[in-house]
Amino acid sequence: MLKTFSAAAVLLGASLAAAAQPALVSYDSAAKTFRLDGGGASYVFGVNSRGELQQLYWGGRLGATDTFPQAAPLPEWASFDSSYNNTPQEYAGWGAGLFAEPALKVTFADGNRDLVLHYASHTVKANGFDVVLKDVKRKVAVTLHYSVDPESGILARWATIENGEALSVTVEQAAAAAWALPPAHYTLNYLTGRWAGEWTLNQEAVRQGARVIESRRGSTGHQANPWFAIAAGAAQEEQGEVWFGALAWSGSWRITVEQDQLDQVRVTGGFNPFDFGYVLHPGQTLETPIFYGGYSANGMGGASRLLHHFELAHVLPRTAATEGQPLPRPRPVIYNSWEATEFAVTEAGQMELAEKAAALGIDRFVMDDGWFGQRKDDHAGLGDWYVNKEKFPNGLKPLIDKVHALRMDFGLWVEPEMVNPNSDLYRKHPEWVLNFPQRPRTEQRNQMILNLARPDVRAYVLGFLDKLLTENDIAFLKWDYNRNWSEPGWDQLAPAEQKKVYVEFTRNLYAILAELRHRHPKVEIESCSGGGGRVDLGILRYTDEVWPSDNTDPFDRLTMQDGFTYAYTPQVMMAWVTDSPHWLNKRTTTLTYRMLSSMQGSLGIGANISKWSAEEAATAKTLIAAYHQVQPTIVQGDLYRLISPQDGSEFSATQTVRADKGQSVVFAFIHSTQEKRGFPRLKLKGLDPAAQYTISPIEGKALAGSPEAASGAWWMNHGLEMDADFRGDF
Ligand code: DGJ
């Protein structure tokens with residue numbers, strides 16, 4: 001067995017967090033400017049002399065008495081770039097010579113495609129505004145919704161488009177919002193990946209032209225994530241200005257970051273206009289997803305801490321147990337059967353795993369794929385959501401009772417939007433899948449996608465899930481989704497209407513999730529899509545956690561987790577400990593290394609624990625108990641990425657600090673020591689300088705180089721010194 005060269009420690013101390021400033025929302029009627037203040041940020045826009053809604057300021061919080069004059073449109077640039085094109089607008093219609101990315105593009109019934117939106121009216125709300133824009137000639141109105149979070153200053157922006165014409169209007173492009181920044185040198189940060197390789201952080205200079213981050217896949221996608229952060233100058237972890245945003249949408253989406261001919265930067269995001277078309281009949285409206293945006297003066301770390309707290313406090317759903325609580329509860333430590341058994345689940349096999357899991361101190365036992373229909377492998381069964389009688393002759397009850405008797409709750413895997421052609425459901429309803437009539441139907445993983453936009457499919461999916469949860473004492477659903485769209489036809493509708501499948505599918509997904517949570521308020525749900533293919537702030541309003549990747553290699557996970565935490569709180573980041581050597585990279589690591597890697601998020605065990613030795617079980621039990629002690633600090637505290645594992649770094653370290661600064665948890669990892677280089681001294685962050693913090697190592701003797709107790713000032717200025725013996729591989 002390899003020697004363990006990973007370490008974790010807890011520091012204890014005490015003090016109180018500072019109180020947040022109240023949010024302010026004000027309209028200056030003389031200058032026609034709107035201002036939103038929250039946390040350390042201010043956002044200002046106004047009606048310019050032409051009547052357009054013009055962006056004026058987004059950045060650090062301004063003085064309470066500071067005011068802006070009325071917005072002045074930018075001049076034209078020769079005869080090639082009109083004032084309309086140069087002026088950064090809150091929500092520009094495509095018309096009047098706009099070459100920048102439009103927020104809204106429509107075609108009227110008579111073929112006219114010109115749309116110029118001017119301010120019409122507004123209402124002031126508790127924490128925001130609704131501002132109505134109207135086309136200069138025709139009855140198309142857009143209501144821009146703004147609300148600001150008093151604590152973080154994060155803005156929620158979205159739009160409602162209304163057709164007041166006597167004939168239909170086709171919306172070809174609709175953003176939730178456009179953000180603007182003045183000319184400067186910026187670095188764009190965004191996340192990309194692939195199956196088993198999600199959460200790669202990309203950093204590049206913003207240059208003239210456009211960088212498009214998108215999904216055309218019908219769902220969020222592994223390949224890019226709807227989040228961005230733009231840093232002033234080079235991105236730094238704890239210093240400098242950062243503007244960031246995230247789209248709350250789990251369908252096809254697009255974020256366009258463009259620097260125009262005058263070096264101004266605009267970020268426009270919403271529905272992906274690719275293959276998009278939404279017909280609005282007279283009187284109908286289309287509501288866009290929400291585009292959240294925030295500002296931090298404390299670098300990338302500050303930006304992610306704001307987002308983490310905002311997600312916990314304002315995005316994630318509540319169960320019956322946490323309704324009215326300030327934050328949702330930390331995730332139960334789970335056991336999941338997938339890597340142990342794959343599809344070969346049986347009553348006896350799962351019961352054996354449940355016994356082993358309970359002995360480790362696991363809170364929740366989750367049975368993964370394979371329990372339903374004629375499911376023996378991935379060729380059959382999806383769509384037939386009855387319990388497989390060969391595997392579970394007496395239904396799920398004996399297993400669920402056993403799990404409860406072992407003092408765990410029970411979770412179950414489902415993949416509700418999918419169907420195998422080899423299923424009773426498909427034989428009965430071949431017309432229910434996304435497809436174009438008379439065209440081939442592309443399968444991926446031998447499955448097709450049910451058209452959730454159809455009312456009958458929506459009713460079927462809600463119906464079987466409701467029945468499953470009503471008839472069985474299930475605390476948790478792992479909701480999987482293992483392919484992306486192809487042939488997205490919806491032949492029930494007239495040809496011109498069919499493209500609204502991109503909107504209605506996702507809306508129905510959300511509606512089903514919301515209704516299930518309403519009917520079963522104790523049930524918690526995980527969003528999984530073959531790993532991290534459906535992680536965004538839209539799905540996170542209805543799901544309590546996500547599966548970041550099918551790649552559970554603990555070393556790969558360090559980098560993926562680092563990338564993940566730029567956009568999402570560690571609380572939703574499920575992290576299983578699986579077997580070694582790992583199936584993906586054939587890498588061998590110690591159980592302690594694997595445990596500590598996973599303990600940086602919401603811990604789970606996904607190994608074949610039936611085969612574990614007594615020594616392995618004892619190690620896991622000790623570390624699960626230690627994790628339970630400090631879990632709230634890890635998943636809900638302030639996260640500092642002390643040393644990033646990106647770019648093959650020899651070392652990496654993270655630190656989290658509890659809100660009252662009374663506890664902090666530090667993780668440190670070595671990739672491979674070279675030339676006997678010692679681990680860098682870790683200057684901790686976010687502690688109370690005056691409080692005394694005592695070290696309590698979770699694992700290893702790697703802290704012999706540091707005093708047992710010292711002030712926050714010591715740990716932050718002098719730093720935490722590792723033992724000279726803290727060397728080796730993994
Ligand atoms: C993909 C998921 O990411 C895995 O964890 C597992 O649930 C499989 N699907 C089951 O088919």
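The values are calculated or read from the model by the stated rules, or taken from the named source; none is laboratory data. Fair warning: this is a prediction, and the values are worked out from it, not measured in the lab. With ideal geometry, Cβ positions are generated from the backbone for all residues, glycine too; neighbour counts draw on all protein chains shown. For the accessible areas, the whole protein counts, side chains as well, though only heavy atoms, and no ligand, DNA or RNA atoms are used. Shrake-Rupley method; radii C 1.70, N 1.55, O 1.52, S 1.80 Å.
Quick one: with all protein chains in place, what share of the accessible area of the chain is carbon or sulfur, to the nearest percent (1.4 Å probe)? List each step's numbers first, then the result.
Working: 13910 of 26680 Å².
That share works out to 52 percent.
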Share of Cα-Cα pairs in the stretch 500-542 beyond 17 Å, whole percent, is 37
Note to self, the chain gives a 222 nm [θ] from helices alone (DSSP H runs n ≥ 4, -39500 (n - 2.57) apiece, / all residues, nearest 500) of -5500 deg cm²/dmol
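Quick one: compute the contact order of the stretch 589-658, relative version, from alpha carbon pairs under 8 angstrom and 6+ residues apart, as a percent.
For the stretch 589-658, the relative contact order is 27 percent.
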Of all DSSP beta bridges having both residues in the chain, the percent classed as antiparallel (nearest 5) is 85
Loop-resident GluC sites (Glu not before Pro) in the stretch 279-370 with no more than 12 other Cβ atoms inside 10 Å, DSSP not H/G/I/E/B, are Glu323
Simple spin-label estimate for Gln261/Ala709, 7 Å along Cα→Cβ, in nm, reads 6.9
Here, Thr588 and Asp647, labelled 7 Å along Cα→Cβ, have an inter-label distance in nm of 3.2
Judged on accessible area alone, 1.4 Å probe, highest first, His379, His404 line up as His379, His404
Computed about the Cα centre, the charge dipole of the stretch 415-526 from +1 Lys/Arg and -1 Asp/Glu charges at the Cβ has a magnitude in debye, to the nearest 20, of 180
For the stretch 382-442 the GluC sites (Glu not before Pro) that pass both the DSSP coil test and the at-most-10 other-Cβ-within-10 Å test are Glu390
In Å², rounded to a whole number, the accessible area per residue of the stretch 182-335 with probe 1.4 Å is 33
Computed for the chain: size of charge dipole around the Cα centre, +1 on C-beta of each Lys and Arg, -1 on C-beta of each Asp and Glu, debye to nearest 20, value 260
At R0 = 51 Å the Cβ-Cβ FRET efficiency linking Lys376 and Gln325, nearest 0.05, sits at 0.75
With the 1.4 Å probe rolled over protein heavy atoms, the stretch 507-656 has an accessible area per residue in Å² of 27
Largest-first ranking of His520, His314 by accessible area, probe 1.4 Å, whole protein assembly kept, is His314, His520
Ranking Asn112, Gly46, Gly63 by how far each Cα lies towards the positive end of the charge dipole of the stretch 16-145 (+1 on Lys and Arg Cβ, -1 on Asp and Glu Cβ), the top one is Asn112
Checked the chain against the a/c 1.5 cut and the a/b vs b/c comparison, axes a ≥ b ≥ c from its Cα gyration tensor; verdict oblate
The relative contact order of the stretch 602-715, taking Cα pairs under 8 Å that sit 6 or more residues apart, comes to a percentage of 18
Other residues with Cβ under 15 Å from the Cβ of Arg157 give, with Lys and Arg +1 and Asp and Glu -1, a net charge of -1
Treating only Lys and Arg (+1) and Asp and Glu (-1) as charged, each at its beta carbon, one finds that the stretch 220-317 has a dipole about its Cα centre, in Debye to the nearest 20, of 200
With 0.36 nm assigned to each residue of separation and the Cα-Cα distance removed, Arg427 to Ala64 gains 124.1 nm
Relative contact order in percent for the stretch 512-577 (Cα pairs under 8 Å, 6+ apart) equals 29
Here the stretch 553-560 yields Karplus 3J(HN,Hα) values (6.51, -1.76, 1.60; θ = phi - 60°; whole Hz; Gly and Pro given as x) of 4, x, 6, 4, 4, 4, 6, 5
